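Asker: Here it is: the structure, laid out below.
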Amino acid sequence: MVIKYDTCSYSGYKIAPGHGLRFCEVNGKTHLFINKKNHRLYLNGKKPLKIRWNLKWRTAHKKGQVEEAKKKVQKQKKERQVKAIVGLSVEEINKIHESFKDTKQADAMRYQYIQEIKDRRKQYLAKIKKNKGDKGQHKDKAIKNVKGAQAGKRY
């Protein structure tokens, strides 16, 4: 024998046969509630998505879901086939690809060389800055106004 369960129109819980409240509005809509608590919350205008114990809130916020370990099926990468275009043969297209590879390697070498030059320049500037700071520290500060320095003493 198959038992038919209804669902609460407010909370989303299953209602067993012979249980629950049926509420009919004036416009003809009927609602099934599992208990008086859900019925009163509905009549007070509380939204089921804002009540945390509610199944509608739980489904909206992705709570209690059984996470199935679904492995993504990775597609095998197919090797790219070079096809001839009108006006160019396959060999000519391959030559063009090879020339691009050479330019990429040259660009990488150029970039690396520029980085080395910049690093050397930073080290050189840091060394100069350090030397300038050392010269200023070795000198003793001389009193410019000798008379003013002695005149300031009052004892």
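Asker: Just to be sure before I move on: is Ile34 among the β-branched types (Val, Ile, Thr) and out of contact with any strand residue (DSSP E or B) (no Cβ under 7 Å at 6 or more places or on another chain) in the structure I sent?
Answerer: For Ile34, the condition - among the β-branched types (Val, Ile, Thr) and out of contact with any strand residue (DSSP E or B) (no Cβ under 7 Å at 6 or more places or on another chain) - is not met.
Asker: Oh, and also: Considering only the stretch 110-151, state which residues are part of a helix (DSSP H, G or I) and at pLDDT below 80.
Answerer: Across the stretch 110-151, the qualifying residues are Gly133, Asp134, Lys135, Gly136, Gln137, His138, Val146, Lys147, Gly148, Ala149, Gln150, Ala151.
Asker: Another one. Within the stretch 88-107, is there a residue that is at pLDDT 75 or above and outside any helix (DSSP H, G or I)?
Answerer: Looking for residues that are at pLDDT 75 or above and outside any helix (DSSP H, G or I), one finds at least one in the stretch 88-107, hence yes.
Asker: If the requirement is being loosely packed, with under 10 Cβ neighbours inside 10 Å and over 33 Å from the mean Cα position of the chain (by Cα), which of these qualifies: Asn27, Asn38?
Answerer: So the residue among Asn27, Asn38 that is loosely packed, with under 10 Cβ neighbours inside 10 Å and over 33 Å from the mean Cα position of the chain (by Cα) is Asn27.
Asker: Scan the stretch 81-102 and report the pairs whose first residue is surrounded by 10 or more Cβ atoms within 10 Å (Cβ to Cβ) and whose second residue is part of a helix (DSSP H, G or I), with Cβ atoms within less than 6 Å and a gap of 6+ or a chain change.
Answerer: Note: pairs meeting the criteria are Val82/Val90; Val82/Ile93; Ala84/Val90.
Asker: Do we find that Glu67 is modelled with pLDDT of 80 or more and acidic (Asp, Glu) in this structure?
Answerer: Against the criterion (modelled with pLDDT of 80 or more and acidic (Asp, Glu)), Glu67 does not qualify.
Asker: Another question, then. Ser11 is checked against (1) in contact with a helix residue (DSSP H, G or I) (Cβ under 7 Å, 6 or more places away or on another chain); (2) surrounded by fewer than 10 Cβ atoms within 10 Å (Cβ to Cβ) and fails just one. What number does that condition carry?
Answerer: Here Ser11 meets the rest and fails (2).
The values are calculated or read from the model by the stated rules, or taken from the named source; none is laboratory data. Values in this document were obtained by computation on a predicted structure and should not be read as measured data. Please note: Cβ atoms are built from the backbone with ideal geometry, for glycine as well, and neighbour counts cover all protein chains shown.
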